[in-house]
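The values are calculated or read from the model by the stated rules, or taken from the named source; none is laboratory data. Remember, it's a predicted structure, so these values are computed and weren't measured experimentally. Don't worry about glycine lacking a Cβ; one is built from the backbone with ideal geometry, like all the others, and counts go over all protein chains shown. Heads up: the accessible areas ignore ligands, DNA and RNA and are worked out on the full protein's heavy atoms, side chains in. Shrake-Rupley method; radii C 1.70, N 1.55, O 1.52, S 1.80 Å.
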Amino acid sequence: MSRKRRDSSVVVEIISPKKARVLHEELFLDRDGRIGSQREVLSPGRRSVISKAVSSCAPPLVQPPLLSPRSPEKIANETPPSKKHVPAPFQDYLDNKQQFESEIIGLEYDMRIGTPCLACVQRDGATTICQDCFDPTPLCKSCQVRTHARTPFHWIREWRGSFFARVTLGSLGISLHLCRNARVCPANHDVVQEFTIVAVNGVHSLSVSFCHCAGAPPHFLQLLRFELFPASVRAPRTAFTIAVLRDFHLHSLTGKLSAYDYWGKLARQTNNVFPELCPDRYREFMRAHRFYTELQSLKRSGSLHSIQSSLPAAFQSASRVMLCPACPQIGINIQPEEIDELAEGDRFLAQSLQGGDGNFSLASKGRKSPWVDVSMRDGKGLFPREADFKAFLLKHGSQDKKIARTCSRFQQPMLLGGPSGLKCTGIYATSCLRHSLYTGAVDLQLGERLSFVNVDYAFARTAVRNIGLPRHIWSYDFCCGWSANAEERLQQRFPELVDEVPKFVWAVPKMHEHAHQEWCRYQFSLAWIEGGGRTDGEGVERPWSELNQLSASTKEMTAGHRKEVLEDHMTGWNWKKVMNMVPTRAEIIAGLRLEEAGEERVLELEVSATSPIDAAVFINMGLTIEVNQNKLKRRVEELSQSDGDVEDRLQRDRTLLLSQISRWYHVGETFLPGRLRSDWTVETEEHPEDMVLPLPSAFNVQERDLNISGLALIELRLRKGEATDVLRQLVAALRLKQAYANVKWKAAHNQVALTRMRSILERQQKAILRHADSYRRMRAAMLRVGLQADDPQYQPLLDSDVRLPALSQVDQELGSSKRYPWFMRRGEGATSGVDHGRTGAMEDRANIVVYWVLKATLERWSEELRLLDAEWVRMERYFLWYETFWLSKAGDGAVNTGHTVYAARQGHMWAALRDKCSRLKQLALIDTPII
């Protein structure tokens with residue numbers, strides 16, 4: 001899927017058979033012209049992170065004036081090498097620092113203070129200025145109050161003779177009248193003088209007049225209609241703006257900010273010198289925000305519009321759970337009759353992939369509350385109904401039958417009890433494996449326990465929603481032990497799921513499988529499960545790092561409040577995943593389609609021509625461009641055999657390659673002497689893939705003597721690394737071809753299979769020849785820059801070397817004089833004469849293993865592409881279903897209410913998502929109408 005990028009790390013590669021780690025040595029040429037190096041041990045697939053050059057004590061190989069042809073004046077004015085490079089935008093700040101200082105301190109005073117007020121007739125002195133208005137005008141106190149009638153929560157700076165004092169509009173005499181017909185409202189006798197209002201910019205104290213017109217609602221409803229959330233229902237004396245509740249909610253979801261820290265921020269905004277003087281409304285704020293988030297959950301989930309009556313029966317009991325758009329949801333994005341029409345080999349396209357995992361960081365101390373504290377979402381969200389869950393635990397929790405641990409290597413002490421001294425030791429959550437959307441959660445009292453009471457409940461609550469799907473894959477890090485008696489336990493605890501158990505395939509997540517025994521990895525690994533695609537099974541693990549940031553605060557909460565907070569953040573996670581699902585999956589599918597079509601785009605080299613680089617990076621850039629040239633040559637050859645306008649299809653790649661070469665030439669001005677540069681100019685070439693690059697290997701011996709011998713040595717060592725990689729790829733390609741020949745020929749019993757086998761072997765032979773040609777080309781270049789012709793590590797590659805010996809059963813038993821190619825004996829010593837004939841049987845077995853591994857990998861990637869196509873179609877249907885539901889609640893617009901307007905807005909949002917999904921369909925190259 002991803003293209004391999006050649007490292008500049010070369011020289012020595014020592015492979016450990018256990019951990020397959022590689023020792024990389026990075027080379028560079030410092031400003032003094034000396035070769036430097038640094039080593040680093042890397043795991044497979046990891047790039048070198050060596051960033052600091054460490055010079056060795058080697059003598060200078062290149063004269064500095066020729067490496068860096070700069071004038072003495074330029075060198076004198078140059079930034080010292082030890083000083084770090086300052087980005088240009090920040091340097092602009094530093095260059096204008098004095099002007100910034102002057103303007104910032106100048107904002108502390110306004111020259112217009114004390115002049116006559118421009119907004120009143122009396123022309124009183126302008127002694128106040130608003131701190132929150134844009135470009136405020138100094139006004140007198142009465143005019144300041146009048147102009148802020150609609151913005152009463154701004155802070156005012158009042159001139160005190162020699163400085164400004166920060167005051168509220170309430171101290172200047174402003175009063176809120178909660179009636180839109182204030183002229184005739186008899187409210188003067190009901191004025192609350194000291195009413196506290198908490199806004200985004202701090203805590204304000206001002207007087208409030210409630211409405212007393214005929215039919216006036218209660219005080220708390222009057223506050224709500226002016227977007228002020230009351231701290232209490234009976235005789236409220238404190239309110240919070242909807243804006244501050246929304247602001248904290250967003251801060252909490254994105255930054256996991258606690259209410260305590262947010263209130264501390266509000267107190268400091270009110271009085272940064274004496275924050276303790278700010279009215280303490282922390283408890284009221286907690287209570288108001290808890291109820292506000294509950295109302296938001298009801299509104300956004302559609303519960304206020306009776307969505308539960310429109311949802312399929314399986315989803316009605318948990319109507320506030322945000323379902324995954326890409327997973328099959330019967331009645332929403334897939335219909336039962338479509339499942340019935342699927343062929344046996346396609347039924348995996350409609351399967352569910354779910355998993356679960358325990359988290360012991362999200363524990364609870366079980367803080368008691370003076371009142372009965374249960375979650376307001378009791379059973380309608382991710383957590384189950386408290387009464388039902390407790391009844392289940394009382395019934396089955398005593399059946400503490402220990403299950404045999406079938407995998408001795410799996411170390412999970414938390415299974416036996418979890419953290420001690422806690423009423424709740426954590427949670428067990430379930431999610432879809434491919435998209436990481438939460439589907440449910442339960443509390444854990446004694447860890448995950450080998451009786452699996454809590455785990456079974458979470459599993460059943462998720463599985464019951466997927467009844468009717470043809471197949472299920474369930475992943476759990478202890479699935480080998482959990483699934484041992486799963487059918488027996490479920491028959492006793494959840495009889496309605498007994499018929500579904502045969503449809504389940506049990507799996508262990510790919511990261512966790514390494515803690516299991518070898519036989520367990522073979523049986524439960526997702527790499528071998530048909531229909532699993534490239535799913536890794538770790539979807540439920542990914543959100544833990546974000547949710548764990550809540551542990552410090554949720555541990556101290558009451559049981560009901562804790563569940564509401566966790567559900568709110570888990571639903572927020574689901575929402576972000578849904579919003580990012582369309583563009584993310586479009587990019588993935590498009591990349592897979594290009595790989596499937598064999599497209600090889602020239603990769604753009606993200607190195608600026610003006611970036612400070614050393615000589616090793618310069619040579620490495622040239623070698624990378626050379627690789628891109630060879631890729632483009634192969635693509636030209638492939639397209640020349642196809643129909644259509646080849647030149648138009650290649651124009652973009654050629655233009656990109658030419659720009660890379662041009663930038664690299666510009667960098668070469670620093671490293672190549674002027675006499676050599678004059679012979680190498682970049683012109684508008686029609687075929688840049690055929691251009692000869694001015695690498696040291698392109699010059700003759702006399703030209704290389706012009707002080708570029710140091711560059712030649714660097715190229716030699718870098719090319720050795722390239723040649724080693726190519727020989728390793730050649731060995732893998734030869735083994736794969738032999739595996740195809742040994743296994744597939746035996747399985748080909750008809751003409752169709754034989755024809756297909758021949759095409760497979762032909763493709764593999766082309767890959768072998770391509771690697772062989774690459775090595776020969778690299779060796780020729782190495783010979784030109786100093787490689788000894790008799791070097792045993794890089795011998796000539798003959799046509800007879802590019803094949804493996806065919807060993808019969810007799811050869812393997814009696815021993816054979818047939819020898820493997822020299823490059824396959826490099827690890828044993830090129831001249832040791834090791835005879836591989838006696839290990840032929842072992843080699844054949846290794847080839848068979850390689851074949852089956854590659855066969856499984858190919859099948860999983862093929863399944864992955866089909867799964868992605870099916871998920872895309874389901875996403876479109878999902879968005880359409882919600883669009884239809886919300887627009888049906890919006891009405892025809894003849895009579896608008898809060899319900900209809902909100903429904904119309906939601907319908908427009910889901911329509912926009914569906915439209916985005918349709919537009920990106922072309923980018924994703926999805927053209928298969930499958931579910």
Selection count where residues are open to solvent by less than 80 Å² (accessible area, probe 1.4 Å) and farther than 20 Å from Asn700 by Cβ, scope region 774-797
10
Which residue pairs have Cβ atoms closer than 9 Å, lie 6 or more positions apart in sequence or on different chains, and pair a first residue in region 383-394 that is of a type in the set (Phe, Trp, Tyr) with a second residue that is assigned to a loop (DSSP other than H, G, I, E, B)?
Phe383/Ser375; Phe383/Arg377; Phe389/Gly379; Phe389/Phe383; Phe392/Pro384
Anything in region 221-237 that is under 42 Å from the mean Cα position of the chain (by Cα), over 24 Å from Asp568 (Cα atoms) and part of a loop (DSSP other than H, G, I, E, B)? List them, or say none.
Phe226
Tell me yes or no: at least one residue of region 824-836 is assigned to a helix (DSSP H, G or I), surrounded by 12 or more Cβ atoms within 10 Å (Cβ to Cβ) and at pLDDT 85 or above.
no
Leading residue by the ranking (surrounded by the most Cβ atoms within 10 Å (Cβ to Cβ)) among those in region 508-528 that are touching a Lys or Arg at 6+ places or on another chain (Cβ under 7 Å) and more than 18 Å from Gln354 (Cα to Cα)
His516
Taking the condition touching a Leu at 6+ places or on another chain (Cβ under 7 Å), modelled with pLDDT of 90 or more and within 30 Å of Ser525 (Cα to Cα), does Leu854 pass?
no
What's the number of the only condition in (1) open to solvent by 50 Å² or more (accessible area, probe 1.4 Å); (2) acidic (Asp, Glu); (3) part of a loop (DSSP other than H, G, I, E, B) that Asp499 fails to meet?
(3)
Conditions (1) under 18 Å from the mean Cα position of the chain (by Cα); (2) more than 17 Å from Asn359 (Cβ to Cβ); (3) surrounded by fewer than 18 Cβ atoms within 10 Å (Cβ to Cβ): number failed by Ser545:
(2)
Examine region 266-280 for a residue that is open to solvent by less than 60 Å² (accessible area, probe 1.4 Å), touching a Pro at 6+ places or on another chain (Cβ under 7 Å), closer than 30 Å to Arg157 by Cα and in contact (Cβ under 8 Å) with a residue 60 or more places away in the chain, and state whether such a residue exists.
yes
Counted residues in region 124-164 being closer than 23 Å to Ser175 by Cα, not in a strand (DSSP E or B) and not aromatic (Phe, Trp, Tyr) come to 23
